[in-house]
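> Below are the C-alpha cells for one structure; questions will follow.
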Amino acid sequence: MSDLAIELHWQRAEPVLQAGRYSNAHTVQYNRAYDMQVDAAPDWGGDPEHTNPEQALASALSSCHMMTFLALSAKAGWPVASYHDYAVAHLGKNARGQMSVTRIDLNPVVRFDTGFAVDAETLAEMQDRAHRYCFIANTLSESVEINIL
C-alpha cells in the first residue's frame, strides 16, 4: 500500500529550552506545497489562530468518513448534492488516566438532489457503513460517535 507523508518543522525561538517557557508552534507541510501553522490546543497555551493536532485528527476522520460515504452513495446511485460536517474532538483522560482524545463526534448533514430522499434508518445505515469502511476510523479505537442530523 501507499506511504503518505508530511514534513514537520519546529525551530526553538527562545535562547534555552525550558519547561513551560518555549513555543510549540510549528509548520506541517503537505505535498511539499501547502504549509499549515500548528500549535498546541489553546487550553495548553497554543495560539487559537493555528490548528492543533486534536483538530487535525478530527479533520482527518471527518474527511475520510465523508469520502467513504460519497463512494458508497455513488455506488448506490444516491445523488448527493452536498455534505457538511461539524466534527468535535473531546479531550479528557482515558482509562489509564492519560490525557487523550477520548471521543470524536461527527455531525454530518447530507443533502440530495431535488426529488430524491431516503428515510432516516437507511441514511443511518449508510453512515454506519461509511464508518466501518473509513481507513481513519479503523485506525482509531471505539471513540467515534456519528450523530445524524
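> Could you list H9, H26, H50 in order of exposure, starting from the residue whose Cβ has the fewest other Cβ atoms within 10 Å? Can you show the working numbers first?
Values: H9 9, H26 15, H50 18.
Taking fewest neighbouring Cβ atoms as first place, the list is H9, H26, H50.
> What FRET efficiency do you get for D43 and L4 if R0 is 25 Å and r is their Cβ-Cβ distance, rounded to the nearest 0.05?
Taking R0 as 25 Å, the efficiency between D43 and L4 is 0.30.
> Same structure, new question: Where does the chain land at 222 nm, in deg cm²/dmol rounded to the nearest 500, when only DSSP H runs of n ≥ 4 count, each adding -39500 (n - 2.57), divided by all residues? Intermediate values should be presented prior to the final figure.
On the way: 3 runs with 43 residues, N = 149.
Helix-only estimate at 222 nm: -9500 deg cm²/dmol.
> Taking the chain on its own, what percent of its Cα-Cα pair distances exceed 23 Å?
Values: 5467 of 11026 pairs.
Cα-Cα pairs of the chain separated by over 23 Å account for 50 percent.
> Taking the Cβ of each residue in V118, V110 as the centre, tally the other Cβ atoms inside 10 Å and list the residues starting with the fewest.
Details: V118 15, V110 21.
So the ranking, lowest neighbour count to highest, is V118, V110.
> Rg (Å, one decimal) plus Dmax (Å, integer) for the alpha carbons of region 78-132?
Using the Cα atoms of region 78-132, the pair Rg, Dmax is 15.6, 51 Å.
> Let me ask another. So if we plug the beta-carbon distance of N24 and S100 into 1/(1 + (r/R0)^6) with R0 = 25 Å, what FRET efficiency do we get, rounded to 0.05? Intermediate results must be reported in sequence, preceding the final value.
Details: r = 18 Å, r/R0 = 0.71.
The value I calculate is 0.90.
> What are the GluC sites (Glu not before Pro) within region 103-149 that DSSP puts in a loop, where the Cβ has at most 14 other Cβ atoms within 10 Å?
Filter output for region 103-149: E142.
> Which distance in nm do the two modelled labels at S82 and E125 give, with both placed 7 Å along the Cα-to-Cβ direction?
Result for the modelled spin labels: 2.8 nm.
> Still on this structure, please answer the following. Kindly express, to the nearest 10 degrees and within the range 0 to 90, the angle between helix 120-133's C-alpha long axis and the longest C-alpha principal axis of the chain.
Orientation of helix 120-133: about 50 degrees from the principal axis.
> Hey, got a sec? Which chymotrypsin sites (Phe, Trp or Tyr not before Pro) in region 53-108 land in a DSSP loop and have at most 16 other Cβ atoms within 10 Å? Don't skip to the answer; put the middle values down first.
Numbers: sites: F69, Y83, Y86; in loops: Y86.
Filter output for region 53-108: Y86.
> I would also like to ask the following. Please arrange W10, W78 by how many other C-beta atoms lie within 10 Å of their C-beta, fewest to most. Provide the component values of the computation, followed by the final result.
Details: W10 13, W78 19.
So the ranking, lowest neighbour count to highest, is W10, W78.
> Moving on to the next point. Quick check for me: using +1 on Lys/Arg Cβ and -1 on Asp/Glu Cβ, what's the dipole size of region 53-146 about its Cα centre, in debye to the nearest 20? Walk me through the intermediate numbers first.
Working: 7 positive and 10 negative charges, 64 e Å.
The dipole magnitude comes to about 300 debye.
> Sticking with this one: Using R₀ = 30 Å, calculate the FRET efficiency as 1/(1 + (r/R₀)^6) where r is the Cβ-Cβ separation of H90 and A117; round to 0.05.
Details: r = 32 Å, r/R0 = 1.07.
FRET efficiency, H90 to A117: 0.40.
> Also, quick follow-up: So which trypsin sites (Lys or Arg not before Pro) in region 17-106 pass both tests, a DSSP loop state and at most 12 other Cβ atoms within 10 Å of the Cβ? Don't jump to the answer; show the numbers that get you there.
Values: sites: R21, R32, K75, K93, R96, R103; in loops: R21, R32, R96.
Listed in order of number, the matching sites are R21, R32, R96.
All of the numbers you see were taken from the coordinates with simple rules; none came from a lab. Computed from a predicted structure; not experimentally measured. Positions of Cβ are generated from backbone atoms using ideal geometry, with glycine treated the same way; all protein chains shown enter the neighbour counts.
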